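**Student:** Structure in structure tokens, see below.
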Amino acid sequence: MDNLKSKVIIITGASSGIGEATAKLVAQNGAKVVLAARREERLQTIVSEIEKEGGEAVYHVTNVASAEDMQKLAQFALQQYGRIDVLVNNAGIMPVSQLNELRVNEWDNMIDVNIKGVLYGIAAVLPTMREQQSGHIINISSVAGYSVSPASSVYSATKFAVRAITEGLRQEESPASNIRTTIISPGITDTELSHSINSPAIQAMASEFMKMAISPYSIARAIAYVINEPEDTGVNEIVIRPTLQP
Ligand code: NDP
């Protein structure tokens, strides 16, 4: 993983799950990591753990649903390290439910975090990456970004949107600015994601599914792989799911 050395990598949703595993893995391989999320204590602990292992990391408390917070995060990364090589738009929530439950606030929250958060991340780093004429934006979608199932309509819609936005970004920016884009689409992964489900029937179903979950490091390894590829190689899309997941 030699190409990760000294790369400046911003990771949103780095306080748990896939974001935490990715932060630790890329730091082990010599990257300078900027962790972002809302829970400061978690971020502090993870940064200490990375530093104890000899890695380099800082954190910035960030709400991805705020365009201003995302701008501040990018400015913080630039102040700390002078450039931004990679943004991993990983933060996401999944309070899934059937549409007839009318959980309108949860629909709004998913749209704000899962779609607007990704767009605000792109807005925050694109000028810098265009100036550098290099950069890599990795957006986390889902297998739910390819197909819809009962209760997943709004969550799936946000993850379809992530794929659409990333592909549009690739078509616009890769030939023009040498910026790489990647869509990573995990299947069931052992993280805290299902904790945001408030619908009791769906929560029970999710607990059943979690029995086949794979480690967040399975996803982190894919993220590290796409970053590590040579600059002239854009890995645009990867789907990773438990072997047993239908
Ligand atoms: P976790 O719940 O463990 O992690 C989600 C992360 O997002 C946390 O660090 C949380 O931090 C952060 N987050 C949530 N809302 C915000 C916000 N408004 N601003 C900033 N950070 C926020 O779940 P995962 O690791 O599984 O989720 C990571 C990504 O992977 C998500 O996009 C998810 O949709 C996707 N995914 C996960 C799958 C799975 O089975 N686990 C399957 C397919 C896709 P904090 O609360 O501290 O802000």
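**Student:** Go over the candidates Ser194, Ser174 one by one and state the one that is closer than 20 Å to Gly19 by Cβ, in a helix (DSSP H, G or I), open to solvent by less than 40 Å² (accessible area, probe 1.4 Å) and in contact (Cβ under 8 Å) with a residue 60 or more places away in the chain.
**Tutor:** On the way: Ser174 fails: closer than 20 Å to Gly19 by Cβ.
Result of the check over Ser194, Ser174: Ser194.
**Student:** Now for a separate question. Identify all residues within the range 216-246 that are over 30 Å from Gln98 (Cβ atoms) and assigned to a loop (DSSP other than H, G, I, E, B); write none if there are none.
**Tutor:** Once the filter is applied, which keeps residues that are over 30 Å from Gln98 (Cβ atoms) and assigned to a loop (DSSP other than H, G, I, E, B), the range 216-246 yields Glu229, Pro230, Glu231, Asp232, Thr233, Gly234, Val235, Asn236.
**Student:** If you don't mind, another one. Could you grab me the full set of residues in the range 64-111 that are open to solvent by 80 Å² or more (accessible area, probe 1.4 Å), in a helix (DSSP H, G or I) and out of contact with any strand residue (DSSP E or B) (no Cβ under 8 Å at 6 or more places or on another chain)?
**Tutor:** Glu68, Gln75, Gln79, Leu99, Asn100, Asn105
**Student:** Within the range 1-26, track down each residue that is of a type in the set (A, V, I, L, M) and open to solvent by 10 Å² or more (accessible area, probe 1.4 Å).
**Tutor:** Let us first name the residues in the range 1-26 that are of a type in the set (A, V, I, L, M), namely 1, 4, 8-11, 14, 18, 21, 23, 25-26.
Once the filter is applied, which keeps residues that are of a type in the set (A, V, I, L, M) and open to solvent by 10 Å² or more (accessible area, probe 1.4 Å), the range 1-26 yields Met1, Ile18, Leu25.
**Student:** Could you say which residue among Gly30, Gly19 is under 20 Å from the mean Cα position of the chain (by Cα) and on the phi > 0 side of the Ramachandran plot? Spell out how you get there, then give the answer.
**Tutor:** Numbers: Gly19 fails: on the phi > 0 side of the Ramachandran plot.
Going through Gly30, Gly19 in turn, the sole match is Gly30.
**Student:** What about Val148, is it of a type outside the set (D, E, K, R) and without any contact (Cβ under 8 Å) to a residue 12 or more places away in the chain? Let's see the steps before the verdict.
**Tutor:** Numbers: of a type outside the set (D, E, K, R): yes; without any contact (Cβ under 8 Å) to a residue 12 or more places away in the chain: yes.
So Val148 passes the test.
**Student:** Exactly one condition in (1) closer than 22 Å to Ser153 by Cβ; (2) among the β-branched types (Val, Ile, Thr); (3) touching a residue at least 24 places away in the same chain (Cβ under 8 Å) is not met by Val104; state its number.
**Tutor:** (3)
**Student:** Is it true that Ala213 is out of contact with any helix residue (DSSP H, G or I) (no Cβ under 8 Å at 6 or more places or on another chain) and either closer than 18 Å to Ile138 by Cα or within 14 Å of the ligand (Cβ to nearest atom) (or both)? Before the answer, list the steps.
**Tutor:** Working: out of contact with any helix residue (DSSP H, G or I) (no Cβ under 8 Å at 6 or more places or on another chain): yes; either closer than 18 Å to Ile138 by Cα or within 14 Å of the ligand (Cβ to nearest atom) (or both): yes.
So Ala213 fits the description; yes.
**Student:** Any residue in the range 53-64 that's away from the ligand (no atom under 16 Å from the Cβ) and at pLDDT 95 or above: show its pairings with residues that are in a strand (DSSP E or B) and open to solvent by 30 Å² or more (accessible area, probe 1.4 Å) at Cβ separation under 6 Å, as long as the two are six or more apart or on different chains.
**Tutor:** Glu56/Lys32
**Student:** Continuing with the same structure: Would you confirm whether any residue within the range 132-148 is open to solvent by 60 Å² or more (accessible area, probe 1.4 Å) and within 25 Å of Gln71 (Cα to Cα)? Walk me through how you get there before you give the answer.
**Tutor:** Of the range 132-148, the ones open to solvent by 60 Å² or more (accessible area, probe 1.4 Å) are 133, 146-148.
Then drop every residue that is not within 25 Å of Gln71 (Cα to Cα), which leaves 133.
There is at least one residue in the range 132-148 that is open to solvent by 60 Å² or more (accessible area, probe 1.4 Å) and within 25 Å of Gln71 (Cα to Cα).
The values are calculated or read from the model by the stated rules, or taken from the named source; none is laboratory data. These numbers come from a predicted model, not from an experiment. Glycine gets a Cβ as well: all are built from the backbone with ideal geometry, and neighbour counts include every protein chain shown. Protein only, heavy atoms only, side chains kept; ligands, DNA and RNA dropped before computing areas. Shrake-Rupley method; radii C 1.70, N 1.55, O 1.52, S 1.80 Å.
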